[in-house]
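The values are calculated or read from the model by the stated rules, or taken from the named source; none is laboratory data. What you are looking at is a predicted structure, and each value in this text was computed from that prediction instead of being measured. Cβ atoms come from the backbone with ideal geometry, glycine included; neighbour counts cover every protein chain shown.
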């Protein structure tokens, strides 16, 4: 029966494309002396959702086609041209300024890497558009927005790396030459992809169709997501009976003594799931999982026994992105029963324990322990289940599409002149499909903070970027959270408060009273609005976000 539904949906949208093309042909041929400007109407509909309508018309207005996928193709290609220009500019600036000071060198090198990643996302977008008809492009619009959202993440991360006055001057040069244009054109691409529905509706067709996700969100009888293969579900259910490809052990009883050696043992052109078992121990090392190492699964003996630790931090001269103890850039990364730590302490300021960039990354029964900027949910779709995440300032932050379920969010004691903020999301454009959602979690104070939890100010979130999004659903929120809930990015200014989206539904606990929330926050939202941010709607077009092991109806666990 399910297969029949898929066939019907596919036939329906093919028919829709036929209707669209047929409608265009009819409109073009039913004129007397005043032919209807179908092309202009199509452009108008696609640009209706754009913030910069003039730029939209300038870019796609001259496309000599009535096929809407050609409009998408044009704006994505133009974005690629701008990103290439920015990458070349970063190379030039690296030659001119890269040796001036360590911070400048790091910032420019990071920009180069990030812009290379942006080109990778755009290349995938161009291939998808070129290799498919309008029906499939429309049905893949969420995938396109996922990739384009990552481009914005990399553009913003590039700018984030410049801190000192000298670095800011170089940042300004890079922004003026090309980086600002990367943001504008990628935002336009997001607007045009989002405008495909306006295009169809603008032809006065009652289509009532939605882009389809590749797989619906479902769980099996054991509570694991069906997008995981049977082998992967078995891995997560009982890792003790799994035969790993390699074993890491500090005592020499495995093939490797360090985690990094094991990760770098990933064979060339490997197919399938590469499994690494890390025996109990404290591994003091810095690790990056290369984007080529796809489908990796790393598991330990528990998040109090297998610990990967480091202490790089911003205070001692390392850029935030590089402070991460563990970074993963690879798609389809899985981790279970491991702790990722940054022990720099509150005095280290930005000090990342875990940075996650690869798409469809999932963490089960893990711990992320740090203070400021503990978990960097950098880009793409990410899921955290039954984890422990601790910190002080912005300790869950990033530009990704992030879902955290059934986890302990532990607020720690900051320095005497600091306050705590749980979430800082980097959504910078209105059509970025990004944000941070916490569902069915417990937000609590660590023992060291508990006696002072009512005097040390703690907030749920602050708007890092213009369209910051943080949604709290069915959590147990402790009394440590201030009644106002949220603060601007840099008080007393109201920066980034006009378009941010901070919302709550179904929370309990002494800190869940939303009556006195900051005026710029949405505060309590309806069940229908909250449903947009539960697991299935939040990941409608993605194939990766899993559900919790708890039974629920339509994504809610309690309501």
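Below are the figures for this structure:
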read-out	value
Residue selected from region 464-474 under the condition touching a residue at least 40 places away in the same chain (Cβ under 8 Å) and in a loop (DSSP other than H, G, I, E, B), by the criterion surrounded by the fewest Cβ atoms within 10 Å (Cβ to Cβ)	467
Pairs, first without any contact (Cβ under 8 Å) to a residue 40 or more places away in the chain in region 38-56, second surrounded by fewer than 20 Cβ atoms within 10 Å (Cβ to Cβ) and in a helix (DSSP H, G or I), C-beta under 7 Å, six or more apart	38/24; 38/27; 38/28; 43/57
When residues of region 270-308 are limited to those that are part of a loop (DSSP other than H, G, I, E, B), modelled with pLDDT of 95 or more and touching a strand residue (DSSP E or B) at 6+ places or on another chain (Cβ under 6 Å), the one nearest to residue 321 (Cα to Cα)	286
Elements of type helices (runs of 4 or more DSSP H) in region 51-169, at least 3 residues being under 23 Å from the mean Cα position of the chain (by Cα) and more than 17 Å from residue 399 (Cβ to Cβ)	68-97, 102-130, 134-139
Residue list for region 401-417, restricted to those being in contact with a helix residue (DSSP H, G or I) (Cβ under 8 Å, 6 or more places away or on another chain) and modelled with pLDDT of 95 or more	412, 413, 414, 415
Check on residue 157, under 18 Å from residue 432 (Cα atoms), buried (at least 23 other Cβ atoms within 10 Å of the Cβ) and in contact with a helix residue (DSSP H, G or I) (Cβ under 9 Å, 6 or more places away or on another chain)	yes
Residue check for residue 404: without any contact (Cβ under 8 Å) to a residue 24 or more places away in the chain and assigned to a strand (DSSP E or B)	no
Residue within region 260-273 that is outside the structural domain of residue 150 (by TED's automatic domain parsing) and in contact with a helix residue (DSSP H, G or I) (Cβ under 8 Å, 6 or more places away or on another chain) present	yes
Selection within region 319-337 - within 19 Å of residue 114 (Cα to Cα) and free of Cβ contacts under 8 Å to residues at least 60 places away in the same chain	323, 324, 325, 326, 327, 328, 330, 331
Failed condition for residue 517, given (1) within 22 Å of the chain's Cα centre (by Cα); (2) part of a loop (DSSP other than H, G, I, E, B); (3) surrounded by 15 or more Cβ atoms within 10 Å (Cβ to Cβ)	(1)
Members of region 415-448 that are more than 16 Å from residue 501 (Cβ to Cβ), in contact with a strand residue (DSSP E or B) (Cβ under 6 Å, 6 or more places away or on another chain) and not in a strand (DSSP E or B)	440, 441, 446
Condition check for residue 135: more than 26 Å from residue 323 (Cα to Cα) and assigned by TED's automatic domain parsing to the domain that holds residue 104	yes
Strands (runs of 3 or more DSSP E) wholly inside region 323-400 that include at least 1 residues being in contact with a helix residue (DSSP H, G or I) (Cβ under 7 Å, 6 or more places away or on another chain) and modelled with pLDDT under 95	334-336, 361-364, 381-385
